[in-house]
Amino acid sequence: MLDSVLKKIDENANRAIDAVKEICSIPSVAAKKQGIDETANLLMKMLEAVGIETQLHPTAGSPVVTGYLDVGAKRTLLFYDHYDVQPAEPLELWDSPPFEPEIRNGRLYARGVADNKGDTLSRIWALRAYKEAGVKLPVNIKFVVEGEEEISSPNLPDFTKKHANFLKADGGIWEFGSAGFDGTQEAWLGLKGILYVQFEVQRISHNAHSSNSSILPSAPFRLVWALSSLKDEKERIQIKGFYDDVVPMTKKEREFVAKIDFEENARRKFWKIDKFVNNYEGEDLREAYYYLPHLSIDGLTSGYQEEGSMTVLPAKASAKIDFRLVENQHPEDIVKKLRNHLDAKGFSDVKIAWYDGYPAAKTPIDHPFVKIVERANQKVYGHALRVHPTTPGSGPLYLFKDHVPMVSIGIGDSESRGHSPNESAAVDNFVKAMKRIAVVIDEMGKW
Ligand SMILES: [Zn+2]
């Protein structure tokens, strides 16, 4: 029975790819409020074509699309995806237009193909194969597809609060997934939280001639001094109480993480570096990656940055920074501690203009649903899934974690370039990913 589903997936491969091209040609950029309704409608049509009952839930921003198919099975599988994409800029760095999908050397290039429209469609077309092969689904299916993931899901908490019951399922597949540098398929069991902050400093009424800087205060210097107070050169965050709620790795987690092939050399080669930050290697490197919070400066703005020179003392300076948080840390608490830190260090003039964020969440490493995904991967790819306890990235997993154990797998690989120009996915991997979903469904039916 499963064989006929897998065979159907091969037969349908070209149609599925055409569907990916169709949805990727709509520029559904949430940041610009573009193409949102059009994409949500197309998605609903695609879900309905495989017998899934859909609903469009308006929010203060992009609507959430849900899908439900109750076949009266014991288990329910939920998919979380998003139909919005990152902006495609800078356009001149694309080898083909971002919203005109094109296949070159076995890869499909388009904005959103790897993050995450291709994943979404691999799931829908796995279900389609069941339907067209005439094989009854052994699990009930739920979809939650939002349209604001790329702008940090501002309206999803409202939706999940109202529809908590709908989120209940025995297992869930999170939106994205990738393969390692060596081609090994990877799964992620969690996501870090995030606190995103904008700093603003203004010290004088308007820009001045820089010759005045011997007597006038400098906003950019205030900003960099404040920033440099946040973290020492050993990467240790200096905010009082910042690490209070960080839970140390358990023995079980330590053993689990020690067995992961972290591909240290391949990573160094990829980034063209000799050493990781702090000379981290082995266990320390993994701990930093999976289990420690950190801080990064995302952007700095002040004064003159164009060609040649301009002697100016800028009145204003601003910075965007983000903290990646681990389980138990809360953005509201951290932003308070950050404010206290700045005030205590004499930087009351550095304003927190706005902030946003959400906490981390993880699925336990020994959950039986993880084993199901591992079995499915082994069957389709012929090798063991590389399971990471969490990604260092962030996502709204915390909204789901009390209702469904989530595993993140998908069609991406180390060349996919999500959020960057020339985003792509390998066509043959897309087909395999569809098969893996079909086998997850089959295995879940036996659970
Ligand atoms: Zn993304």
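Scanning region 251-260 for residues being within 29 Å of Asp333 (Cα to Cα) and surrounded by 11 or more Cβ atoms within 10 Å (Cβ to Cβ) gives a total of 4.
Of the strands (runs of 3 or more DSSP E) that lie entirely inside region 328-408, those containing 1 or more residues that are among the acidic types (Asp, Glu) and under 30 Å from Asp298 (Cα atoms) span 351-358.
For (1) within 16 Å of the ligand (Cβ to nearest atom); (2) surrounded by 24 or more Cβ atoms within 10 Å (Cβ to Cβ), each residue gets a yes or a no:
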| position | (1), (2) |
| --- | --- |
| Ile409 | yes, yes |
| Arg417 | yes, no |
| Ser420 | yes, no |
| Phe430 | no, yes |
| Ala433 | no, yes |
| Ile437 | no, yes |
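Residues in region 110-139 that are crowded, with 18+ Cβ neighbours inside 10 Å and touching a Phe, Trp or Tyr at 6+ places or on another chain (Cβ under 8 Å): Ala110, Arg111, Ala114, Asp115, Asn116, Lys117, Gly118, Asp119, Thr120, Ser122, Arg123, Leu137. Residue under question is Glu53, and the condition is that it be touching a helix residue (DSSP H, G or I) at 6+ places or on another chain (Cβ under 9 Å) and among the acidic types (Asp, Glu); does it hold? Against the criterion (touching a helix residue (DSSP H, G or I) at 6+ places or on another chain (Cβ under 9 Å) and among the acidic types (Asp, Glu)), Glu53 qualifies.
Against the numbered list (1) loosely packed, with under 12 Cβ neighbours inside 10 Å; (2) part of a loop (DSSP other than H, G, I, E, B), Gly299 comes up short only at (2). Screening Phe256, Phe262, Phe242, Phe270 for residues that are touching a helix residue (DSSP H, G or I) at 6+ places or on another chain (Cβ under 8 Å) and more than 28 Å from Leu338 (Cβ to Cβ) leaves exactly one candidate, Phe262. Glu150 satisfies every condition listed in (1) modelled with pLDDT of 95 or more; (2) outside any strand (DSSP E or B) except (1).
Considering region 58-86, the residues that are buried (at least 19 other Cβ atoms within 10 Å of the Cβ) and either of a type in the set (S, T, N, Q) or in a loop (DSSP other than H, G, I, E, B) (or both) include one that is nearest to the ligand (Cβ to nearest atom), namely Gln86.
Take Ser218 and decide whether it is of a type in the set (Gly, Ala, Ser) and exposed (fewer than 15 other Cβ atoms within 10 Å of the Cβ). No: the conditions fail for Ser218.
Could we say that Leu156 is exposed (fewer than 14 other Cβ atoms within 10 Å of the Cβ) and either in contact with a Pro (Cβ under 9 Å, 6 or more places away or on another chain) or not assigned by TED's automatic domain parsing to the domain that holds Thr59 (or both) here? No; evaluated as a whole, the condition is false for this residue. When the test is whether a residue is in contact (Cβ under 8 Å) with a residue 60 or more places away in the chain, charged (D, E, K, R), within 26 Å of Pro359 (Cα to Cα) and not assigned by TED's automatic domain parsing to the domain that holds Phe347, Lys231 does not pass it. Exactly one residue among His388, His367 is surrounded by fewer than 18 Cβ atoms within 10 Å (Cβ to Cβ) and not assigned by TED's automatic domain parsing to the domain that holds Ala317, and that residue is His367. Within region 145-172, the set of residues being aliphatic (A, V, I, L, M) and within 16 Å of the ligand (Cβ to nearest atom) comprises Val145, Ile151, Leu156.
The values are calculated or read from the model by the stated rules, or taken from the named source; none is laboratory data. None of the values given here were measured: they were computed from a predicted structure. With ideal geometry, Cβ positions are generated from the backbone for all residues, glycine too; neighbour counts draw on all protein chains shown.
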